[in-house]
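Participant: Before I ask anything, let me first share the structure, which is written out below as structure tokens.
Please treat every number below as a calculation from the coordinates, not as lab data. Owing to the predicted nature of the structure, the values given are computational and were not obtained by experimental measurement. Positions of Cβ are generated from backbone atoms using ideal geometry, with glycine treated the same way; all protein chains shown enter the neighbour counts.
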Amino acid sequence: QVQLVESGGGLVQAGGSLSLSCAASGSIFSITTMGWYRQAPGKQRELVANLITGGSKNYADSVKGRFTISRDNAKNTVYLQMNSLKPEDTAVYYCNFNLRLSKSANSLGYWGQGTQVTVSS
């Protein structure tokens with residue numbers, strides 16, 4: 001059983017910063033991708049940033065230059081540092097891992113429970 005536990009988030013004024021973290025626990029053989037998505041009220045869930053094994057990073061255009069994704073392999077943890085926050089960044093943020101439970105298993109996606117980020121103007 002794999003569990004993803006998110007922490008961080010909260011309420012911040014525009015221009016401020018917040019940091020999110022997401023730790024995976026359980027019997028994990030390997031992790032393919034680690035990432036963050038967000039979903040604002042009435043909108044579809046969208047990719048914010050992700051990390052692919054090998055080191056490549058992808059960011060949504062709306063957060064480039066403001067958000068930074070990073071990982072700690074030893075802790076199976078992914079982080080999202082969010083700077084220069086804007087009211088339009090307000091959403092529930094979800095972490096997502098694609099991982100294998102064994103060498104022969106297919107890669108499966110797992111989600112965190114979500115954490116609210118609210119940016120006031």
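Participant: Give the lysines whose C-alpha is closer than 26 Å to that of Lys64, dropping any in the same chain fewer than 8 places away, or say none.
Facilitator: Reachable lysines: Lys43, Lys75, Lys86.
Participant: Roughly how big is region 16-93's charge dipole about its Cα centre, with Cβ charges of +1 (Lys, Arg) and -1 (Asp, Glu), in debye to the nearest 20? Mind showing how you got there, number by number?
Facilitator: Details: 9 positive and 5 negative charges, 5 e Å.
Approximately 20 debye in magnitude.
Participant: Scan around Asn76 for amide H atoms under 5 Å from its own, H built in the peptide plane at 1.01 Å from N, and keep only partners 5 or more places away or cross-chain.
Facilitator: Those qualifying (amide H under 5 Å, at least 5 residues apart or on another chain) number zero.
Participant: Taking +1 at the Cβ of each Lys and Arg and -1 at the Cβ of each Asp and Glu, which of Ala23, Ser7, Gly55 sits farthest along the dipole of the chain towards its positive end, judged by Cα position relative to the Cα centre?
Facilitator: Result: Gly55, furthest along the dipole toward the positive end.
Participant: Once you have all Cα-Cα distances for region 25-73, histogram them in 10 Å bins from zero and send the whole-percent values.
Facilitator: All Cα pairs considered, the percentages come to 22, 47, 26, 6.
Participant: Peptides 19-28, 61-70: what's the order by average Cβ count within 10 Å, highest mean first?
Facilitator: Details: 19-28: 17.0, 61-70: 14.5.
Ranked by mean Cβ neighbours within 10 Å, highest first: 19-28, 61-70.
Participant: Going by average Cβ density within 10 Å per residue, which order do the peptides 35-41, 109-115, 12-18, 89-95 take, highest to lowest? It would help to have the intermediate numbers written out before the result.
Facilitator: Working: 35-41: 18.1, 109-115: 16.0, 12-18: 13.9, 89-95: 21.6.
Order by mean packing, descending: 89-95, 35-41, 109-115, 12-18.
Participant: Using C-alpha positions alone, give me the convex hull volume of the chain per residue in cubic angstrom. Present the calculation step by step, with values, prior to reporting the outcome.
Facilitator: Values: hull volume 11.9 nm³, N = 121.
Hull volume normalised by residue count: 98 Å³.
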